[in-house]
Amino acid sequence: MEPALALLEFASIACGIRAADGMAKRTPLAALHAGTVHPGKYLVLVTGEVAEVEEAISAAREWGPVDDLVFLPAVHGEVVRALYGGRRERLGEALGVMETATVPAILEFADAALKGAEVVLTKLAMADGLGGKGYALVTGTLHDVEAAMEIGEERIGDSARIVARVVVPQVDERMIENLAAPGELALRLPAVEG
């Protein structure tokens, strides 16, 4: 993984496409991934050297309104792992759940929480199937989870970006099974005979 990562969220798909193209043309990047997510937003994820990612963000802002963004100049490796679908087993006594109104905000939370406390990121869910929101699950000791939640919330800054924040001590085993399963309830319900 490159040392810097940025994720930009656009309310307009057209503006997002134009901005992503401008980013790609402006500076060499290690990676650029872009596409639509529900409910009709456009996300652009870029990685590369710090200066290149900063230049790409500058280019994007010239092409249209960026609704939300996160720039992580030294992104935590676990955030990258989670972005690419990696999951960790629940290891701790407590669970922290952060739910954000935007995808960039949840990445900002996860990076800060992991850097600021001894927690494990067990899940990072973004946009599709969530109405454009994001949520993250972190686990560890109750003290560390509470610290991670405070650190992550402080990093997000704007309370309008936070939908909900909870800490659950000693999660019930049935909930652990549910959290490890696919997120869509309909996929986990048993079939009814007759």
### Query
So, in the range 61-80, of the ones that are over 20 Å from the mean Cα position of the chain (by Cα) and either charged (D, E, K, R) or crowded, with 17+ Cβ neighbours inside 10 Å (or both), which residue ends up nearest to Ala110 (Cα to Cα)?
Arg61
### Task
Go through Asp128, Asp67, Asp144, Asp111 for me and flag whichever is touching a residue at least 60 places away in the same chain (Cβ under 8 Å) and of a type in the set (Asp, Glu).
Asp128
### Query
Any idea which residue in the range 72-92 is modelled with the lowest pLDDT, counting only those that are of a type outside the set (D, E, K, R) and assigned to a helix (DSSP H, G or I)?
Leu83
### Message
What's the total number of residues in the range 50-66 that are part of a loop (DSSP other than H, G, I, E, B) and modelled with pLDDT of 95 or more?
### Response
1
### Query
Restricted to the range 1-29, and to residues that are under 11 Å from Ala56 (Cβ atoms) and assigned to a loop (DSSP other than H, G, I, E, B), which residue is nearest to the chain's Cα centre (by Cα)?
Leu29
## Note on the structure
Only unsatisfied item for Thr122, checking (1) over 21 Å from Ala164 (Cα atoms); (2) among the polar types (S, T, N, Q); (3) modelled with pLDDT under 95, is (1)
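The values are calculated or read from the model by the stated rules, or taken from the named source; none is laboratory data. Model, not experiment: these values are computed from the prediction. Cβ atoms come from the backbone with ideal geometry, glycine included; neighbour counts cover every protein chain shown.
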